[in-house]
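Visitor: Below is one structure. I have some questions about it.
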Amino acid sequence: NLFLYFSTKEKLYVYYVAYVVSITWFMSTVFQYVFEYLWPNTPIINQYAVASPALTMLTATLFTREFLHTSKLAPRLHWFSNIFIGWGAFVFALVFTPFKIPALMMAQAGIMLMAIYFLITGITVYRKGYHPAKFYLAAWSFLIIGCIAAILETINVLPVMYYINSMQIGSSIEVTLLSLALADRINIYKKQREEAQAKALSVIQEKSLLIQEQNIHLEQK
């Protein structure tokens with residue numbers, strides 16, 4: 001997708017790559033992989049871990065706005081997305097202050113509300129006939145299901161499965177489906193371009209036929 005950005009210059013692909021990087025960092029922080037493998041001897045870095053959900057909020061919102069064309073298809077929801085951009089930026093700024101615990105609480109609340117907002121936005125855009133939104137909805141559904149399953153495991157409603165991590169599986173399926181959604185979007189653009197070319201060719205043929213009829217009429221005169 002990064003290579004696609006270099007060839008198409010569409011911001012959407014950069015937003016997708018940024019989101020994949022940020023949610024990978026977020027999941028690695030939650031499960032302490034970065035602490036264990038990247039900086040085990042520098043624990044002071046851990047206090048800035050809240051930056052990862054803040055960046056996930058920012059990149060996910062930017063990707064959603066661009067992918068679903070909310071400015072055109074859902075202008076009111078598009079305006080509402082500015083709240084999450086500001087929310088993520090505020091949490092990111094708090095990471096570098098003594099208020100790191102409030103920042104973590106704000107990040108958790110923001111991500112939950114953001115997930116609900118994304119589902120509402122996806123349904124709204126899909127009902128307006130935007131075909132790629134179905135992949136988007138499926139992607140976020142898997143992530144939410146994975147997160148809910150993880151929460152239910154922590155409160156002992158579901159049995160803890162140490163060999164299967166529902167949150168990681170959900171996020172992996174999500175980013176895969178979003179990648180498929182981008183591919184489907186390319187196919188739609190290709191189809192639209194082909195239809196536009198066919199329409200233009202039809203118009204040219206009609207004009208050519210009209211000119212021929214006018215020439216015959218003039219020759220008869």
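The values are calculated or read from the model by the stated rules, or taken from the named source; none is laboratory data. All values derive from a computational prediction rather than experimental measurement. Note that we place each Cβ from the backbone using ideal geometry, even for glycine, and neighbour counts take in every protein chain shown. Only protein heavy atoms, including side chains, enter the accessible area calculation; ligands, DNA and RNA are left aside. Shrake-Rupley method; radii C 1.70, N 1.55, O 1.52, S 1.80 Å.
Visitor: When residues of the range 63-76 are filtered for being hydrophobic (A, V, I, L, M, F, W, C) and open to solvent by 40 Å² or more (accessible area, probe 1.4 Å), how many remain?
Guide: 1
Visitor: A further question on this structure: State yes or no: is Y136 in a loop (DSSP other than H, G, I, E, B) and at negative phi?
Guide: When the stated conditions are applied, Y136 does not pass them.
Visitor: What residue, among those in the range 9-62 that are assigned to a helix (DSSP H, G or I) and of a type in the set (D, E, K, R), is surrounded by the fewest Cβ atoms within 10 Å (Cβ to Cβ)?
Guide: If we take residues in the range 9-62 being assigned to a helix (DSSP H, G or I) and of a type in the set (D, E, K, R), then E36 is surrounded by the fewest Cβ atoms within 10 Å (Cβ to Cβ).
Visitor: State yes or no: is A133 surrounded by 11 or more Cβ atoms within 10 Å (Cβ to Cβ), modelled with pLDDT under 85, of a type in the set (G, A, S) and over 18 Å from P53 (Cβ atoms)?
Guide: Criteria met by A133.
Visitor: Please go through (1) open to solvent by 80 Å² or more (accessible area, probe 1.4 Å); (2) within 15 Å of the chain's Cα centre (by Cα) for F99 and return the number of the only condition it doesn't satisfy.
Guide: Looking at each condition in turn, F99 falls short on (2).
Visitor: Based on what the data block shows, is A138 farther than 24 Å from N165 by Cβ, open to solvent by less than 40 Å² (accessible area, probe 1.4 Å), of a type in the set (G, A, S) and modelled with pLDDT under 90?
Guide: no
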